[in-house]
Amino acid sequence: MNSTFLAKKTKSISETALELGVSEATIRNWIKTNLLYLAENKEVTQDSIDFLKQNIVGKEKLLSRANKKQKDSHNHQLLSTKIQQKINLQSDLEKIGEEYENSLSDSYKNKEGIYYTPNYIVRDMMKSFDEDPSDKTFLDPCCGSGNFIIEAIRLGFKPENIFGFDIDENAVKITKKRIFEQTGYCSENILNTDFLKQSVTEKKRFDYIFTNPPWGKKISKEDKQQYSKVFEAGKSVDTASLFFFACLSLLKPKGKLGFLLPDSFFNIGTFEDVRKKILEYQIDRLIDYKKPFKGLLTKAQAIILTHSKPSEGHHTTCEFNDKVNHRIQSSFTENPKFILNFQTTQEETNLIRYIYNLPHVTLKNNAIFGLGIVTGNNKTICKNTPEEGLVPVYKGSDITKKGLKNPSCFIKKDFKNFQQTAPEYLYQAPEKLIYKFISNQLCFYCDTEQRYILNSANLLVLNKDFPLSGEKLIELLNSDFMNWLFRKLFGTHKILKSDLQQLPIHFGYYEKNSNFTESKFLDYLGIKKSNETYVLKQ
């Protein structure tokens, strides 16, 4: 960092986010709620950053992510000294790697996206190598303490043909020592460097690249844009996506690429462009490993592909919930946003195609969506008993398919200082649909009493020319079949607007039926339930 930067009285939003260890969206919210201030140049004043760090962080729940950065930390220099001593004295280097990861603070691991891959996952991802690897090259671009690299040695890769990069100097030392203990070879191919930077100029190409890339590593918006341009990544600029594009650029024709990724990589819109790119290549396996990382609610899933075009009718092996099925790879291209919904069998995929071929409408361009209220500090602002001047506000947990629970949360009617609200006219609509946001189940309620909702719920208001009333629409959306369809297509734990807009609404059911029953709805669609799934009626 140069003296000019140190002397700056203001910082950009991205620089401020990096300093405080939070997202740029969080910084914008803090500006909106006057916790940070902008100078005339539209940058954040250093004085307000310093004041927030010294006087608010650690004392306000609003800043829980920044609190974590302040409270949850480690002395990296002291830890490095201890690790070096252990490397010199101990022989169980795998255990040292585990101890080192456990010694890193959660804030450091989150910032750098560091979660070392358990050996059982490493071995499973690399179990299907079907050729002699002794003359092949292997790369782990973010090698950590070397689990993928040690497995490559066990499989027969020569140590001189194995390469690795990592930004953590201690991890590199552990990996190099593990290679030496396994083979007696002092590797100079394991480098302490930033792989994304290295990959831009790297000329070497590799036969196998297997890794667990950093998930959500914090890098500046400017760097994301630059890498996106270099790798033609489109809008998929999360670090996991950028690592994928970078690795693909270094993979030899017919080479193998294996990535362990968060489950969001496979289904949310942020990763649509990278999924579209993936489908240009032969996908060998898609694997679900459930939740292997302590402290992370995110599921881990893997993709193994070959750097060649898929043959017509190529089947991808899909492993989910300890079951194996085979999907025609091209069927993924039919999904909204190129979602890789490998929890869905080929038979179920065929049924979904049939359902979409029936007459239907969607909510896209047929409804206005709105968000629940983000107060910025629910603990301080929300009251659990009604008082004069307060209005009831409903949480996602208050919404059930049978109706609304009694409100347990009350807020002031003046919303101007809240971080986020929908336009007032949406809350006041004569009829609106409110629904749980954090959920893997569709759960809607038709509100005709102009109620307010918190951000654990969202809303939509139908266009006047929509062919169904709100009451009839929620009967379809809350049905068992539509919930099955939602899970099989999207498989998320959030009910996203972009996903709801893709669901088929079979309005024709009400042209033949005045009320809703599940059995009549299935009859109308020409399907039946069978062993927790659905099949066409014969």
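The values are calculated or read from the model by the stated rules, or taken from the named source; none is laboratory data. Bear in mind the structure is a predicted one, so any value in this text is a computation, not a measurement. Heads up, the Cβs are rebuilt from the backbone with ideal geometry, glycines too, and the neighbour counts pull from every protein chain shown.
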Candidate set: the range 166-199, residues that are among the acidic types (Asp, Glu) and under 29 Å from the mean Cα position of the chain (by Cα); chosen: the one surrounded by the most Cβ atoms within 10 Å (Cβ to Cβ): ASP166
Could you tell me how many of the residues in the range 465-503 are part of a loop (DSSP other than H, G, I, E, B), within 15 Å of LEU363 (Cβ to Cβ) and under 26 Å from the mean Cα position of the chain (by Cα)? 7
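Select from the range 236-250 the residues that are farther than 12 Å from VAL274 by Cα and either free of Cβ contacts under 8 Å to residues at least 60 places away in the same chain or crowded, with 22+ Cβ neighbours inside 10 Å (or both) and list them in ascending order.
Of all residues in the range 236-250, those farther than 12 Å from VAL274 by Cα come to 247, 249-250.
Within the range 236-250, CYS247, SER249 meet the criteria.
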Sort out which residues of the range 323-352 are in contact with a Gly (Cβ under 9 Å, 6 or more places away or on another chain), assigned to a helix (DSSP H, G or I) and either surrounded by fewer than 16 Cβ atoms within 10 Å (Cβ to Cβ) or modelled with pLDDT of 95 or more (or both), and write them in order of number. GLN329, SER330
Among the residues of the range 158-177, are any touching a residue at least 12 places away in the same chain (Cβ under 8 Å), under 14 Å from GLY255 (Cβ atoms) and assigned by TED's automatic domain parsing to the domain that holds GLN225? yes
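Taking the conditions exactly as written (buried (at least 19 other Cβ atoms within 10 Å of the Cβ) and closer than 25 Å to PRO292 by Cα), does ASP207 satisfy them or not?
On the way: buried (at least 19 other Cβ atoms within 10 Å of the Cβ): yes; closer than 25 Å to PRO292 by Cα: no.
In short, no.
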Residues that are under 26 Å from GLY313 (Cβ atoms), among the charged types (D, E, K, R) and at pLDDT 95 or above: which helices (runs of 4 or more DSSP H) entirely in the range 202-302 hold 1 or more of them? 272-278
Please find, within the range 367-420, the residue that is surrounded by the most Cβ atoms within 10 Å (Cβ to Cβ) out of those that are over 23 Å from LEU496 (Cα atoms) and of a type in the set (Ser, Thr, Tyr). SER408
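Within the range 383-401, track down each residue that is touching a residue at least 60 places away in the same chain (Cβ under 8 Å) and assigned to a loop (DSSP other than H, G, I, E, B).
Filtering the range 383-401 for residues touching a residue at least 60 places away in the same chain (Cβ under 8 Å) gives 391-396, 401.
LYS395, LYS401, listed by residue number.
Residues are listed down the side, and each one gets a yes or a no for (1) out of contact with any Phe, Trp or Tyr (no Cβ under 6 Å at 6 or more places or on another chain); (2) over 24 Å from VAL237 (Cβ atoms):
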{"position": "SER187", "(1), (2)": "yes, yes"}
{"position": "ASN192", "(1), (2)": "yes, yes"}
{"position": "PHE195", "(1), (2)": "no, no"}
{"position": "PRO213", "(1), (2)": "no, no"}
{"position": "LYS217", "(1), (2)": "yes, no"}
{"position": "LYS221", "(1), (2)": "yes, no"}
What are the residue pairs meeting all of these: first residue in the range 319-335, first residue in the same structural domain as ARG285 (by TED's automatic domain parsing) and farther than 11 Å from GLN346 by Cα, second residue part of a strand (DSSP E or B) and modelled with pLDDT under 95, Cβ atoms under 7 Å, and 6 or more apart or on different chains? none
Cβ pairs under 9 Å, 6+ apart or interchain, first in the range 336-352 and within 12 Å of LEU485 (Cβ to Cβ), second part of a loop (DSSP other than H, G, I, E, B) and of a type in the set (Ser, Thr, Tyr), ordered by first then second residue, are ILE352/THR344
Among the residues of the range 443-464, which ones are in a strand (DSSP E or B) and either among the small types (Gly, Ala, Ser) or crowded, with 18+ Cβ neighbours inside 10 Å (or both)? PHE444, TYR445, ASP447, TYR452, ILE453, LEU454, ALA457, ASN458, LEU459, LEU460, VAL461, LEU462
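Among the residues of the range 471-488, is there at least one that is among the aliphatic types (A, V, I, L, M) and closer than 20 Å to GLU334 by Cα? Walk me through it before giving the result.
Step one: list which residues in the range 471-488 are among the aliphatic types (A, V, I, L, M), which gives 473-474, 476-477, 482, 485.
Narrowing further to those that are closer than 20 Å to GLU334 by Cα: 482, 485.
There is at least one residue in the range 471-488 that is among the aliphatic types (A, V, I, L, M) and closer than 20 Å to GLU334 by Cα.
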Going by what's in this entry, would THR375 be described as farther than 30 Å from ASP414 by Cα and among the polar types (S, T, N, Q)? no
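Give the number of residues within the range 163-176 that are assigned to a helix (DSSP H, G or I) and either in contact with a Gly (Cβ under 9 Å, 6 or more places away or on another chain) or closer than 18 Å to PHE210 by Cβ (or both). Full working, then the answer.
Keep residues of the range 163-176 that are assigned to a helix (DSSP H, G or I), which gives 169-176.
Then keep just the ones that are either in contact with a Gly (Cβ under 9 Å, 6 or more places away or on another chain) or closer than 18 Å to PHE210 by Cβ (or both); that gives 171-172, 174-176.
Residues that pass the stated criteria total 5.
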Selection count, the range 402-412, where residues are in contact (Cβ under 8 Å) with a residue 12 or more places away in the chain and closer than 30 Å to SER479 by Cβ: 5
The range 127-155 - residue that is at pLDDT 95 or above and part of a loop (DSSP other than H, G, I, E, B) and, of those, farthest from PRO214 (Cα to Cα): LYS136
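Among the residues of the range 303-315, which ones are in contact with a strand residue (DSSP E or B) (Cβ under 9 Å, 6 or more places away or on another chain), in a loop (DSSP other than H, G, I, E, B) and not basic (Lys, Arg)? It would help to see each step written out before you state the result.
In the first step, residues of the range 303-315 are kept if they are in contact with a strand residue (DSSP E or B) (Cβ under 9 Å, 6 or more places away or on another chain); the result is 303-311, 313-315.
From what's left, in a loop (DSSP other than H, G, I, E, B): 307-311, 313-314.
If the condition is that a residue be in contact with a strand residue (DSSP E or B) (Cβ under 9 Å, 6 or more places away or on another chain), in a loop (DSSP other than H, G, I, E, B) and not basic (Lys, Arg), then HIS307, SER308, PRO310, SER311, GLY313, HIS314 are the ones that fit.
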Residues of the range 231-285 being small (Gly, Ala, Ser) and closer than 13 Å to LEU305 by Cβ, in sequence order, are GLY255, GLY258
Sole exception among (1) out of contact with any His (no Cβ under 9 Å at 6 or more places or on another chain); (2) not in a strand (DSSP E or B) for ILE355, by number: (1)
